[in-house]
Each structure stands twice: as structure tokens, then as C-alpha cells.
Amino acid sequence: MAEIKVPELAESITEGTIAQWLKQPGETVQKGEFIVELETDKVNVEVISEEAGVVQEHLAQEGDTVEVGQVIAIVGEGSGEAAAPKTKTEEAPQKSEEPAKTDAAATPEPVEKDPAAEEQSSSDRTIASPAARKLAREKGIDLAAISPVDPMGRVRVQDVEAHGSKPAASAPAAKAEAPKTSAPSSDEESGRIVREKMTRRRQTIAKRLLEVRQSTAMLTTFNEIDMTNVMALRSRKKDQFLKNNDVKLGFMSFFTKAVTAALKKYPYVNAELDGTDVLLKQFYDVGIAVSTEEGLVVPIVRDTDKKNFAEIEATIGELAKKARDKKLSIADMSGGSFTITNGGVFGSLMSTPILNGTQVGILGMHTIQKRPVAIGDEVQIRPMMYVALSYDHRVIDGSDSVGFLKMVKDMIENPEDLLLES
């Protein structure tokens, strides 16, 4: 008999939701064959069976939240017919012969767990900076109870401070509001409203976005880019580019290279705040937001300063496909120093993007729209794009944010300059 346990998912992920059982009780499973699909905050993970046999029992159902190391299924020996569960009438004679002894032999006595030990163990498993651990100890706060802003779950000093400043009445208030969301209304009963449970990923997205808004001094600055030159260059070169590199030339590689050049000139936009320390990152890993059916994910294009246009386009294409196929790994989305999101693909004319995790800057691209523009002494119709830079004002001054966005604009409007930066 073999136990199917929730595997180690990643350093910062301690639980998941059972999305789908791929093998039902009574079905045969081979060693190395997928038996269940788990949904985590970021990715879906398929769990394999370490032994060949028959699925005897599911110990958790689809939609249940399960923790790393938890036993969720039993695989036994035999064929599919041998896996049928025993009925109560079959078990009754055994229980009636000597109830007390049989029960004691079949069911080991539960061991009482020390709550203090469990709390300590949970805190030890939490990923946190040394400063955050020290502050949590001083304030008497359990690290495991803190909701970090970092999408990978790392607890920072500001997370501890934010947790410690929460009003004590927040918990009772939440309990008081619970009946409003759990009790079906007359409109629900009549079918006029359909209640749908949020997926774990959507819950996490909602939680993270709210935490970012509450824990950062976020501002947004705007500019507009004349796309005439970059569109003309792309039109002239796209066929040869596809022939040479077997990948299409899109606008995202231009913006990625422009952002990378601007990050080099304005290093604080490529930073992170850790308590009273600013971490200036000496690498350029740019996250590209990708929309999926289950919500937005942000896979990372690594070392954009070392990649050429073709390599960037190929990497973005591979990551986007993995995102749509639910094949992204934790490694594909961990880290990152800056993010680009393109609402223009959905027709968005202007927006204020929200910061991604602990990053201090995010660039929002928007739809290209022909507008009248003053060129010298005359008015011309040009393809224009609004761009937005949201930034954490605690780290980035207004001059740096405006300068960064102006440099991105200048490089897109003069795309030949990007070749000098590549």
C-alpha cells in the first residue's frame, strides 16, 4: 500500500487546492502516472503515483485545500476489481466480536499536538528576511499569520509592520459580514444570480492587489508615444526577421529593450524596498503580464540586457504558450525586477497598472490609436499610444519616474537607438 502525499511545491507555497482527480477509486495507476492535479497560488501541478496499483481511496475531494505533506489518496495492490471499498455489513461481524480490542488495534490513539510547537514550526517554515523575523519576535507576531506582499510569499519588515497595525476588531467584523456572502438570496434561489466560487489563483490575485494598494505609496505618470517610426521599421523588417529567426517581430521586444535601457539609467526603478533598505538589483529580469482564463500571470524574461530581439520574442512566445497550457513552473515566475503589462491587446486606451509584488515599477502599454498631432507647424494624423508608469514613491522620485518614461518614449520613437543599446 502506498500513500499519495502533496509534494513540496516551492519554498513559499505550503498549500494548494485539489483541482481535479485524474484517477478515481478502483482505477489502475502505473508508477509515474499522474493521479491528481493541484492548483496553487501561481501554477497548476500534476502529482504522480510513486507505486503501481489501484486507487483505493481519496482522502480529499476536488475543491479541498490541502497542505504539503498531507496524505490525499491511498494506492494499494491488485486489479481494479480488488479495490472496491468494503461495505458496512462486511465490516460489522469483525467489529461485533470484540469491539474494544478491534477498535484499538485498527485505529491508533490520536496524539495530542502542542499548539505552541505547531505555531513555532509554521513560523520556521515561513520565508522571511532577518529583519522581519527580528521585528516579529519583538512584537510577538507569528510569521505564518502575516500576509506578505511578495508574490513568492517572502515576509518583509513592512509586512510585519502592516500586520501589527491592523485593528483588533477586524476579525470580528469579518465574521459579522460572513452571513452576507454565505446565505443565498432570493435572487439566487430564483436563478437570477449565479454564485461562483473564486479559484485559488483569483483569490490570491485579489489579495495581492489589495495589499499592494494598502502597503505602497503608488503613483502613476503618463506619456504618449508616436509609433510611426517603430511601426515602419517593423513593417520593413518583419518578413526577413521571421525568415532569419523563425519567430515574428512584435512590439513587445522593442518595449522590453527600451525598458532595459531605461532601467540602466534609472537604477532606482529597478529596485526593491526591504524595511529601511533599498535593494538595487544588478540584473534585468522583466516580467511580461499574460492573461489566462484563470487570471493574470507574470512569467519572467531573464537577462533582457543580454538577449537580442529574436531571443526576447522567442522567450515571450514560449512563456505565453506555457501560461495558456497551464504549464508554467514556479521558476518561470519567481524573481523579476520590473513588469510590463499590455492592456492595449484588449483595446484599453489608458489605465493605471498596479505594482507587481515587491517591485517598485510597472509599465502599462495601451492600444495604438490614430490621433491628430502637431508636427512642427502642421497637424498630422499619427498612430499614438498612451503609456503609464506606476511607481512606489517611497523609492522613486518624480524626476526619475518622468525621466524613465521619457527615455522609453524617445527610444521607441527612434528605434534605431535601441540597436546601440542591444
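The values are calculated or read from the model by the stated rules, or taken from the named source; none is laboratory data. The structure displayed is predicted, hence computed values, not measured ones. Positions of Cβ are backbone-derived with ideal geometry, glycine not excepted, and every protein chain shown enters the neighbour counts.
Quick notes
- Candidates in the range 378-413 are the residues that are assigned to a helix (DSSP H, G or I) and polar (S, T, N, Q); of these, the one that is nearest to the chain's Cα centre (by Cα) is S401.
- Qualifying residue in the range 242-250 (condition: small (G, A, S) and exposed (fewer than 14 other Cβ atoms within 10 Å of the Cβ)): no
- Across the range 14-36, the number of residues qualifying as closer than 22 Å to T199 by Cα and in contact with a Gly (Cβ under 7 Å, 6 or more places away or on another chain) comes to 2.
- Qualifying positions in the range 181-235 - assigned by TED's automatic domain parsing to the domain that holds I368 and among the basic types (K, R): R234
- Any hit, the range 351-367, residues being part of a strand (DSSP E or B), surrounded by fewer than 19 Cβ atoms within 10 Å (Cβ to Cβ) and either assigned by TED's automatic domain parsing to the domain that holds M252 or touching a helix residue (DSSP H, G or I) at 6+ places or on another chain (Cβ under 7 Å) (or both): yes
- Against the conditions (1) within 30 Å of V160 (Cβ to Cβ); (2) assigned to a strand (DSSP E or B), Q282 satisfies every one except (2).
- When F338 is tested against (1) surrounded by fewer than 21 Cβ atoms within 10 Å (Cβ to Cβ); (2) within 28 Å of V395 (Cα to Cα); (3) of a type in the set (F, W, Y), only condition (1) is not met.
- Just one of the listed residues (M333, M385, M407) is at pLDDT 95 or above and more than 21 Å from K264 (Cα to Cα), and it is M385.
- Cβ pairs under 6 Å, 6+ apart, first in the range 257-269 and of a type in the set (A, V, I, L, M, F, W, C), second assigned to a helix (DSSP H, G or I) and modelled with pLDDT under 95: A261/E421
- Some residue of the range 245-252 being small (G, A, S), modelled with pLDDT under 95 and either in the same structural domain as Y391 (by TED's automatic domain parsing) or more than 17 Å from N342 (Cα to Cα) (or both): yes
- In the range 289-325, the residues that are under 20 Å from the mean Cα position of the chain (by Cα), of a type in the set (A, V, I, L, M, F, W, C) and within 23 Å of L242 (Cβ to Cβ): V290, V301, I316, L319, A320, A323
- Selection of the range 304-331 for residues being surrounded by 15 or more Cβ atoms within 10 Å (Cβ to Cβ) and either touching a Lys or Arg at 6+ places or on another chain (Cβ under 8 Å) or in a loop (DSSP other than H, G, I, E, B) (or both) yields T304, D305, K307, F309, I312, E313, T315, K326, L328, I330.
- Taking (1) without any contact (Cβ under 8 Å) to a residue 60 or more places away in the chain; (2) buried (at least 20 other Cβ atoms within 10 Å of the Cβ); (3) among the hydroxyl-bearing types (S, T, Y) in turn, T17 satisfies each apart from (1).
- Residue within the range 414-422 that is at pLDDT 90 or above and either within 26 Å of Q214 (Cα to Cα) or not in a helix (DSSP H, G or I) (or both) present: yes
This table checks each residue for (1) within 30 Å of the chain's Cα centre (by Cα); (2) outside any helix (DSSP H, G or I); (3) of a type in the set (K, R); (4) buried (at least 19 other Cβ atoms within 10 Å of the Cβ).
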{"position": "I193", "(1), (2), (3), (4)": "yes, yes, no, no"}
{"position": "M198", "(1), (2), (3), (4)": "yes, yes, no, no"}
{"position": "F222", "(1), (2), (3), (4)": "yes, yes, no, no"}
{"position": "M231", "(1), (2), (3), (4)": "no, no, no, no"}
{"position": "S253", "(1), (2), (3), (4)": "yes, no, no, yes"}
{"position": "K257", "(1), (2), (3), (4)": "yes, no, yes, yes"}
{"position": "A261", "(1), (2), (3), (4)": "yes, no, no, yes"}
{"position": "G287", "(1), (2), (3), (4)": "yes, yes, no, yes"}
